[in-house]
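Working notes, structure below.
No lab work stands behind these numbers, since they all come straight from the coordinates. This structure is a prediction, so every number in the text was calculated from the model and none was measured. Cβ atoms come from the backbone with ideal geometry, glycine included; neighbour counts cover every protein chain shown.
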Amino acid sequence: MTQRLLRGRLLTFHREPLNGEDTGAYTYLEDGALLIRDGIIQETGPFAEVSATSGDVPVTDHRPHLMMAGFIDTHIHFPQVQVIASWGAQLLDWLNNYTFPEETRFASYQHSALMARAFFDQLITHGTTTAVAYCSVHKNSADAFFTEATGRNMRMLGGKVLMDRNAPEDLQDTPQTGYDDTKALITDWHGKGRNGYVITPRFAITSTPEQMAMAQALTQEHPDCHIQTHLSENKDEIAFTKQLYPQARDYLDVYQSYGLLGQKTLLGHSIHLEPREIDALAETGAHPVFCPTSNLFLGSGLFDHEGLSARGISSGIATDVGAGTSYSMLQTLNEGYKILQLQGSALHPLQAFHWATRGNACVLGLEDKIGNLDPGTEADVVVLNARSTAAMALRMDRVGSLAEELFVLQMMGDDRAIEEVYVSGTPSKIAPEQTTWNGNVQIVL
Ligand code: GUN
Ligand code: ZN
């Protein structure tokens, strides 16, 4: 039995804050504690109370830093770690010129395994303890992804993309091979350890109707798997989709007509939606996923968070690396704040931090396991330092409330603000010089 007691300022959410004054939505303790046993939180409360009953347990004192649930990234592309920051293109050219050529490398298991190490290093360094990832079309890439996740005991979701047209030939499967590989991956990885498989038709443009029908069969055969795809990110993408699926009422109807919409469905971007599509999201419980840094980087458009929320639609928030420009969920919240400002709404920092933790967990239906610090949940914890740079420390001298501190972290924080990361109760933050790619070592592939 492994036990540890973490001491620090503690913040955990019980529900989405209605506004900045909604103190019932969260617990904040100036001197808080988490008692962790074998990767599970046993007790959460004031340090004096938890330590009085916990016996002789080693204590790690993180004061004055802030402990909260590890960040959850609900949309990210594992094979794009070397695509991030590719210049000058919007979605379809960016895919054809940069992304597809890079993803062809993941045919190699060796390359996939190396990149998986680098990818997971980056997630942890940035405080992300759960991600929902797209792998490449190759079964190898998903095997490497889940092997690395298992080795680190992280709660990870992912799947190989299904794509059988409008891409280079060596990046295409067929309806049958895509189905067979997905079945084998589900058998090998879904529900094993902390892994979850996500059925992943990349998007309408790269799947034939025959492949969509196979995705539907997979969904019916594995109702406990999540589904992820892309929706209405870019106007040229929407026009091309309507050409490819002329019978569809709109873009979302391509997925809806193949039975792919439900509470386990994640729809990356969902920016340029028609009224019927919004009705269908509200009816089916499918979740849009807001990817702020990506939407700005590719010039895709502004996500209507307020409009969707008003319809009772709950959205995830995510990096979408490599179109996204940072692995940091803090920087993702920063750019998200600005996108909502452009539409006249100001996201409160308490709502922002709820979104990146418990909010994303709820979107995944995993709030009983991750996204908060309740007893019985898995001990994925991030420790945040709002004075991690000189500029932040300077600003923090004038900060007088938790909300103000959170906003400094959101606007100015990045991996330097991540003091420590616990994965299943094990300290896992990697010193920059120890990451797989650390600037000192050039790995020749
Ligand atoms: N649509 C289909 N594939 C992708 C991708 O890899 N990134 C983004 N941003 N959009 C996509
Ligand atoms: Zn994406």
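General remarks:
- If you take all other residues with their beta carbon under 10 Å from the beta carbon of Gln90, and give Lys and Arg +1 and Asp and Glu -1, the sum is -3.
- Measuring between their Cα centroids, the stretch 30-104 and the stretch 306-366 lie 15 Å from each other.
- Protection proxy ranking, highest mean first, for peptides 308-315, 221-228, 141-148: 141-148, 221-228, 308-315, where packing is the per-residue count of other beta-carbon atoms within 10 Å, averaged.
- Charge tally in the Cβ shell below 15 Å around Thr208, where Lys, Arg are +1 and Asp, Glu are -1, Thr208 excluded: -2
- Proximal lysine pairs, the stretch 145-257, alpha carbons under 29 Å, eight or more residues apart or interchain: 5
- Count Lys and Arg as plus one, Asp and Glu as minus one, and take only other residues whose Cβ is under 12 Å from that of Thr332; the net charge is then -3.
- Extreme residue, positive dipole direction of the stretch 193-349, given options Ala323, His272, Thr241 (C-beta unit charges): Ala323
- Packing rank of 350-358, 44-52, where each peptide gets the mean count of other beta carbons within 10 Å, highest leading: 350-358, 44-52
- For Ala69, the residues whose amide H sits under 5 Å from its own are Val382, ignoring neighbours fewer than 5 places away on the same chain, with H placed 1.01 Å from N.
- With the charge dipole of the stretch 1-135 set up from +1 on Lys and Arg Cβ and -1 on Asp and Glu Cβ about the Cα centre, the Cα lying farthest toward the positive end among the listed residues Ile84, Ala113, Thr60 is that of Ala113.
- Here Lys139 is the anchor, and the aspartates and glutamates within straight C-alpha reach of less than 17 Å, apart from those fewer than 8 places off in the same chain, are Glu102, Glu103, Glu148, Asp164, Glu169, Asp170, Asp173, Asp180, Asp181, Asp188.
- Global geometry of the stretch 309-445, whether rounded, prolate or oblate, following the gyration tensor of its Cα atoms and the 1.5 cut on a/c: rounded
- ³J(HN,Hα), Karplus 6.51/-1.76/1.60, whole Hz, each residue of the stretch 228-235, x for Gly, Pro: 9, 7, 10, 9, 6, 8, 8, 5
- Whether the stretch 336-404 is rounded, prolate or oblate, judged on the alpha carbon gyration tensor where a/c under 1.5 counts as rounded: oblate
- For Met163, residues with placed amide H under 5 Å, excluding near neighbours: Asp173
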